[in-house]
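The values are calculated or read from the model by the stated rules, or taken from the named source; none is laboratory data. For clarity, every value in this text was computed on a predicted model and none was experimentally measured. Cβ placement follows ideal geometry from the backbone for every residue including glycine, while neighbour counts extend to all protein chains displayed.
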Number of protein chains: 2
Amino acid sequence: MKPISDQIKEKPWLGWAIFFSTIIVVFFLGLLALSIIERRTEAVFAYTPKVEYTQWEPRNEVWGQNFPRQYNRYMQTADTSFASKYNGGAMRDMLAEDPRLVVLWAGYAFSKEYSQGRGHYYAINDIQNILRTGAPMEGQKSPQPSTCWTCKSPDVPRVMQEVGIAEFYKGSWDTRGAEIMNFIGCADCHDAQNMNLRITRPALVEAYDRRGLDINKVSHQDMRSLVCAQCHVEYYFQGEDKYLVFPWDKGFTVEDVEEYYDSYTFKDWTHAISKTPMLKAQHPDFEIFNSGIHAQRGLSCADCHMPYMNEGGQKFTDHKIQSPLNNVANTCQVCHREETPKLIANVYERQDKIKQNRDKLEELLVRAHVEAGKAWELGAKEIEMQAILQDIRHAQWRWDFIAASHGGSFHSPIECSRIISTGIDIAQESRIKLARLLASYGYNKEVPYPDIDTKEKAQKYIGLDMQKLNADKEKFIKEVIPQWKKQAEEREKTYAIKNL
Amino acid sequence: MKPISDQIKEKPWLGWAIFFSTIIVVFFLGLLALSIIERRTEAVFAYTPKVEYTQWEPRNEVWGQNFPRQYNRYMQTADTSFASKYNGGAMRDMLAEDPRLVVLWAGYAFSKEYSQGRGHYYAINDIQNILRTGAPMEGQKSPQPSTCWTCKSPDVPRVMQEVGIAEFYKGSWDTRGAEIMNFIGCADCHDAQNMNLRITRPALVEAYDRRGLDINKVSHQDMRSLVCAQCHVEYYFQGEDKYLVFPWDKGFTVEDVEEYYDSYTFKDWTHAISKTPMLKAQHPDFEIFNSGIHAQRGLSCADCHMPYMNEGGQKFTDHKIQSPLNNVANTCQVCHREETPKLIANVYERQDKIKQNRDKLEELLVRAHVEAGKAWELGAKEIEMQAILQDIRHAQWRWDFIAASHGGSFHSPIECSRIISTGIDIAQESRIKLARLLASYGYNKEVPYPDIDTKEKAQKYIGLDMQKLNADKEKFIKEVIPQWKKQAEEREKTYAIKNL
């Protein structure tokens, strides 16, 4: 082949072709460079703080000025369209859907109202409005302790800084009503200085301490679960002053925690029908998640509930915390190659199989409570009832551990199923003992199942005056909440914010 | 740049360099070509048949002459080292390990002997030696029907061709003792003409037919499971003539099959203690596998139990059928990226969690049988026992469905756990009814758990004369088996084989 210069001499058009091709290529290179520069500029611009605020600033919208993308997505936890479309709606009235729950919680506030949880956005709204916190006014106190606020707001670490941890938990729920006003948000999980993840709730740090672990030494990936584990865990209120404690001293399984509670002879309440010293499980999400395959493979909560997203050239963590099923492409499909409908079907199949036996256990527990009630009625003695009540306590604890946990039957279906199996065995064991005891008191047949096919019937059956509870609550919402809001507004005006 | 010819004129060494480089490249190309030719030759050589035999040739070693690699690997199903190392040994005496089984099967042959299965290599050996087939000699018949041979040998389709299907099943097990001599092998799954996979057992074809499915239209991937499903399924012996039937008419779940059996009021035997009309589950491996995630992702049995392997340049299916845990690199790790010990631990964790509640269910079933026995003893009437026995039947059916299935708690752990949960519920329900019934007969306390902590005690408890059974069997093995072998040898001499 001839040298290119010779060829150009022979065909002059070839030179021009090369010249113009080069111009076009250089033009597009210029465009590319521009795009890169723009994105860099945007990045610098995006992370240039606009305001300065204190470490315990509770208002999400203040943090939002510096982190508009994360704030904007976080505010979308208000969106309940997915739940409405796929899960029968947000704020489902679980007691209406399943009136047996009313009987299982007879004597405990959960029998008054229990609804499907909504997004973090609603944390304050929902705790103010729910019947469980009562109608504290005109000298009446809330039936709940101040500890109940602990997971609801970044005002909590702020007040704890001011008054101390133990002092915060003390007193009834209404004590802090005007103090706690901002829903769960930025300050709960982030350090205001550097936006690092941080643990703001003492109970988690203390539980780690008691297990000889230093929470400051965990990895960033662990922190992406632990900030959630500040609240999404089993906990209880210890002693008169209702100090918040995670019952992990003996381990994380349902049996470990039960052993812990039994060793204290701790009870959450005494059952109104069976007089059982009961335990109430509180969403042991972190514990159950850790027993499942996704945790074993090194995933954190954030990997699926806050996947990475991209916007305007910025990669950041999606702060719209939600079911991964609402965002399969960026969650499941990062690892799993199946189509979205198939993956969703796989999740639902797991949940349905667990639910079948969980529902059965629920029915058995209702029967056990009612049969125990019958035994008391016939004059059974405490010594005769002791082993029976211990069985009922343990069986319902297992049921509740699964029923209360968010997503447990997906996070760890085999463990959930294992727990339900043991619950069924123990519930039935209590009923065998009850059959013998009832026979010994001359009642040798099936105790009729109560007529509780609606929430209203069930609440009436356990003796709740719902009309009064609702009327009081309505008045409280109308009269007290606006006062609390006004006080909070006045206080927040005094917080230091510096425009930069 | 100057033309290459001009450059060579200036630097003569450049020409030599090009010359020798070319020689070296061409030499290695030659080597590569040789290797390709050799491998092709080997392939042609490897798959050139050496002998010709009939479609129902039962002797594996005859097929092995044409397919030495597959035959060689298949013969290694004799290898029990993995089981010995990891699973407590091959031929584990399950009744000694868990004497409760003896009570669960009281009145049924399984209470005499039940051992961990070994490789296909031992199929004939083990069925001849096991106490369950008895000692048919001196005019005595085996307690088992001829149908029991169906899964044991390629002699089965051969004899079925000769005498007909229904005729084959008829009569006692010893009827065909001299006919069935070659252990499970080539002719069971392969067409002798073209080595395609084929179904040789009528029960599978008939079950498909009744469900309106044509087994000839399934894919090759499906066949890679269906050849296994000829035997690794739930089945029963229908009617007087013990016709082999797969009970799939209503579906594949434990409930579907139960409904099928109940609609016939079919029973495998009557329990010796509780007088329950019992069902015995037979390894429903295919049914349970199909409810699990690996089946849902399109895998076949062969994918994990007979993965592809490579030898002498030949890729072929590994015919050493075994636990994938013995070959993680070529099975699990084709899809899963975790280390071998971790993957094995994941499997064992699943199995352990299921086993915990399966064991519990076993204990409850022993109690139920014994309590029912007590009720009969006290004079309970049939009408009083009916619902109780139906519960015991259903509960043990669920236990057995899981206990009998090979690998079920790995293939489909959530389904297995679901089934065990329902079994526990039903077993306990029967015991609640029994507690009331016993109380009505004046026995209002716990029925003592029998002293069955060894196999010997348990077998004595249910009234088995093991000494006689063992002595008879020993005599049978010494006197009858050699005759059967001799007859088989003589017959096999007459089979047509043509050297090619």
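Some points to look at:
- Number of positions in the range B:249-289 that are polar (S, T, N, Q), out of contact with any Ser or Thr (no Cβ under 8 Å at 6 or more places or on another chain) and touching a residue at least 24 places away in the same chain (Cβ under 8 Å): 2
- Of the residues making up the range A:334-370, those that are aliphatic (A, V, I, L, M) and within 10 Å of another protein chain (Cβ to nearest Cβ) are A:Ala345, A:Ile354, A:Leu361, A:Leu364.
- B:Ala203 being touching a strand residue (DSSP E or B) at 6+ places or on another chain (Cβ under 7 Å), among the aliphatic types (A, V, I, L, M) and under 25 Å from B:Gln144 (Cα atoms): yes
- Test: residue in the range A:76-86 that is in contact (Cβ under 8 Å) with a residue 12 or more places away in the chain and either under 27 Å from A:Ile392 (Cβ atoms) or touching a His at 6+ places or on another chain (Cβ under 6 Å) (or both): yes
- Cross-chain or 6+ apart pairs with Cβ under 8 Å, the range A:433-445 first and more than 8 Å from every other protein chain (Cβ to nearest Cβ) and more than 19 Å from A:Ala387 (Cβ to Cβ), then surrounded by fewer than 21 Cβ atoms within 10 Å (Cβ to Cβ) and modelled with pLDDT of 95 or more: A:Gly442/A:Leu378
- Extreme residue, modelled with the highest pLDDT, among residues of the range B:87-119 that are under 20 Å from the mean Cα position of the chain (by Cα) and charged (D, E, K, R): B:Glu113
- Boolean, A:Val51 is under 30 Å from A:Ala471 (Cα atoms), surrounded by 11 or more Cβ atoms within 10 Å (Cβ to Cβ) and touching a helix residue (DSSP H, G or I) at 6+ places or on another chain (Cβ under 8 Å): no
Conditions (1) crowded, with 22+ Cβ neighbours inside 10 Å; (2) part of a helix (DSSP H, G or I); (3) free of Cβ contacts under 8 Å to residues at least 60 places away in the same chain, marked per residue:
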{"site": "A:Thr175", "(1), (2), (3)": "no, yes, yes"}
{"site": "A:Glu179", "(1), (2), (3)": "no, no, no"}
{"site": "A:Asp188", "(1), (2), (3)": "yes, yes, yes"}
{"site": "A:Asn194", "(1), (2), (3)": "no, no, yes"}
{"site": "A:Ile199", "(1), (2), (3)": "no, no, yes"}
{"site": "A:Tyr208", "(1), (2), (3)": "no, yes, yes"}
{"site": "A:Gln221", "(1), (2), (3)": "no, yes, no"}
{"site": "A:Arg224", "(1), (2), (3)": "no, yes, no"}
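- Only one entry in A:Ile419, A:Ile452, A:Ile414 is more than 14 Å from chain B (Cβ to nearest Cβ), among the β-branched types (Val, Ile, Thr) and either within 30 Å of B:Ala427 (Cα to Cα) or surrounded by fewer than 14 Cβ atoms within 10 Å (Cβ to Cβ) (or both), namely A:Ile452.
Residue-wise test of (1) assigned by TED's automatic domain parsing to the domain that holds B:Val156; (2) modelled with pLDDT of 95 or more; (3) among the aliphatic types (A, V, I, L, M).
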| residue | (1), (2), (3) |
| --- | --- |
| B:Cys231 | yes, yes, no |
| B:Gly239 | yes, no, no |
| B:Val257 | yes, yes, yes |
| B:Pro277 | yes, yes, no |
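- Any hit, the range A:390-405, residues being closer than 30 Å to A:Cys332 by Cβ, assigned by TED's automatic domain parsing to the domain that holds A:Asp126 and either at pLDDT below 95 or surrounded by fewer than 23 Cβ atoms within 10 Å (Cβ to Cβ) (or both): yes
- Scanning the range B:470-481 for residues being surrounded by 17 or more Cβ atoms within 10 Å (Cβ to Cβ) and within 22 Å of B:Gly107 (Cα to Cα) gives a total of 2.
- The range A:330-345, residues that are in contact with a Leu (Cβ under 7 Å, 6 or more places away or on another chain) and in contact (Cβ under 8 Å) with a residue 12 or more places away in the chain: A:Cys332, A:Ile344
- Residue match in the range B:131-150 (condition: in the same structural domain as B:Tyr461 (by TED's automatic domain parsing), in a loop (DSSP other than H, G, I, E, B), within 17 Å of the chain's Cα centre (by Cα) and not hydroxyl-bearing (Ser, Thr, Tyr)): no
- Summed over the range A:371-407, residues that are within 21 Å of the chain's Cα centre (by Cα), closer than 20 Å to A:Glu255 by Cβ and more than 13 Å from chain B (Cβ to nearest Cβ) total 7.
- Count of the range A:313-333 residues, restricted to those that are surrounded by 15 or more Cβ atoms within 10 Å (Cβ to Cβ) and either within 14 Å of chain B (Cβ to nearest Cβ) or on the phi > 0 side of the Ramachandran plot (or both), is 1.
- Residue check, A:Gly171 surrounded by fewer than 19 Cβ atoms within 10 Å (Cβ to Cβ), modelled with pLDDT of 95 or more and not β-branched (Val, Ile, Thr): no
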